[in-house]
Amino acid sequence: MIFPASVSRQCDDLAQLLGTACLPYLRSPDAPSHEFSVQSTFEAAWQSDAKFVLEAMNAAEKSKREAMVEASGNRSVFAIPLTFAENTKSEQWFAIGRTNESPTDSGKKLIHIAFEAIRRQYQIDVQERVILNAESEMERSFSERIWLRQLNAQRAIRKKTVGQQSRQSIESLRTLIDAEAIAIYLYSDSDVEDHGLESMISGKQFWTLEDVRILIQRIQKPRCGESEVLNQMEQQLHNGIIHSCVVVPIGEAEPIGYVLAINRRKQARSGASKCDLGFVLADAELLHEVAGYIAADGYSNASLLESERLVLGTLRAMSNAIEARDPYTHGHSERVGSVAYQIALRLNLSEVMCQEIYLAGVLHDIGKIGIPDHVLLKPGKLEQEEFDIIRKHPEIGHRILEELGKLKFALPGVLYHHERVDGTGYPHNLVGDEIPLMARILAVSDAYDAMTSSRVYRSAMGQQRALEILRSGIRTQWDAEVVTACLEYFSDLSLELEEPGYESRRPKSTDWRQVSQALRVLQL
């Protein structure tokens, strides 16, 4: 028979105190008070003293304290009631033992002292567990407060891609409640643009969304505002066994999906046995918090996606308007933006600044919409009056973008990309660092692409010749640090721009996927 750990420990303590073996014995609720049932070979050795054992247990049970009776052959048998957390009114554990002398006052006193010692030790153990539980609950409460504070802080940070904040929230919650995995399961990922969410799982790699889908099919699904805490469930799935889980719906009136925590990895409370391994209602409350956060994150993501589509549509319309007028400039703005992005990377600018510079490159010539065709499309050399007109396109572009609030970050690049570091550029004759860094970068990438692109009145210049011109223009036309970064980029580039057929492979239109990625990084 397997004895509870607390019972075995008390019997061992009594044996040490009394110097004699003490046997754990459970009085069965169905056993008559005059019957001693043999449950092991060790107990069989007591069969000869069965009636004395019963007498001692009956006395101890009646008095609620130790009892000692005289047995045959000048021996004694004693029974000591044990304190056990799971005792009920209908059952009682005893420690039974015997001594090789008749009952005496000193013997009874020793048994009483031993009984009081283990009773008080048990009370101390209980208090220690209470204290440990309280400490554990305080630690958990403190961790929950920190987690909730971080979750609320994340709500104010929108510089994230769709799904990234949801993943961060479930990863942090998985650590807090010590689950093997936490998943977001949506009924359909195809309409992500409508609800701004996607299914995902965080945790041990062997769990998959297919496992989660099967689990959802097998269990009773809670309604919105409710939860399911399931322990000791033993559900066999493709990649393992689900021992416990918590399920909380995502949505307001009808669930669009669920947040699930799978398999608690440690005891829900200090001192809990293995059979208690599982989730508790407090875990479900935390999942409700994250489900609400995920739903709000989804609405925000959907709004961002809609905003992105509107901005992207605006950029497409403006880009198409320019390129429709001048077929020789198809892809120019995209190439300027791409080279500017690479320069910005090598200047160790942040990803946000790099993407802003890229989009500014895509938009830098937007002001040419306001330039008359007879000037913009003239195949030959421009007259001074015509050149004065073309020089107005940065200011025209600036006025256009001023009306588009979300694209105002590009204004310095659009307005100043024709300035020169020696002060002879336009429109404001800025000198050196007076020119915003964005504009200094665009000036180099714009010049490079203009030199290496074909026009109706001339052929494209070779790469090496264009780079030599950039070198020669350091500290007069272009910023030295920016040109150095540009040269470094082309040095790193494995594609040889002057090899046969390169011109035909150059982008002839804007890469809208890259534009879309930039908009997403900038949360436009």
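Return yes when Ile343 is closer than 20 Å to Phe409 by Cβ and surrounded by 18 or more Cβ atoms within 10 Å (Cβ to Cβ) and no when it is not. So Ile343 fits the description; yes. Within the option set Leu401, Leu442, being among the hydrophobic types (A, V, I, L, M, F, W, C), at pLDDT 95 or above and buried (at least 20 other Cβ atoms within 10 Å of the Cβ) holds for one residue only, Leu442. It is to be established whether one or more residues within the stretch 370-389 are of a type in the set (S, T, N, Q), buried (at least 20 other Cβ atoms within 10 Å of the Cβ) and out of contact with any His (no Cβ under 8 Å at 6 or more places or on another chain). No, every residue in the stretch 370-389 fails to be of a type in the set (S, T, N, Q), buried (at least 20 other Cβ atoms within 10 Å of the Cβ) and out of contact with any His (no Cβ under 8 Å at 6 or more places or on another chain). Scanning the stretch 192-235 for residues that are among the charged types (D, E, K, R) and outside any helix (DSSP H, G or I) yields Glu198, Lys204, Lys221, Arg223, Glu226, Glu228, Glu234.
Of the set (1) of a type in the set (Gly, Ala, Ser); (2) under 22 Å from the mean Cα position of the chain (by Cα); (3) at pLDDT 85 or above, all apply to Gly240 but (2). If the condition is being under 36 Å from the mean Cα position of the chain (by Cα) and either surrounded by 14 or more Cβ atoms within 10 Å (Cβ to Cβ) or modelled with pLDDT under 70 (or both), then the stretch 315-334 contributes Leu315, Glu334. Among the residues of the stretch 417-467, those identified as in a helix (DSSP H, G or I) and among the β-branched types (Val, Ile, Thr) are Ile441, Val444.
The values are calculated or read from the model by the stated rules, or taken from the named source; none is laboratory data. Being a predicted model, the structure only gives us computed values, none of them experimental. Ideal geometry is used to build each Cβ from the backbone, glycine not excepted, and the neighbour counts take in all protein chains shown.
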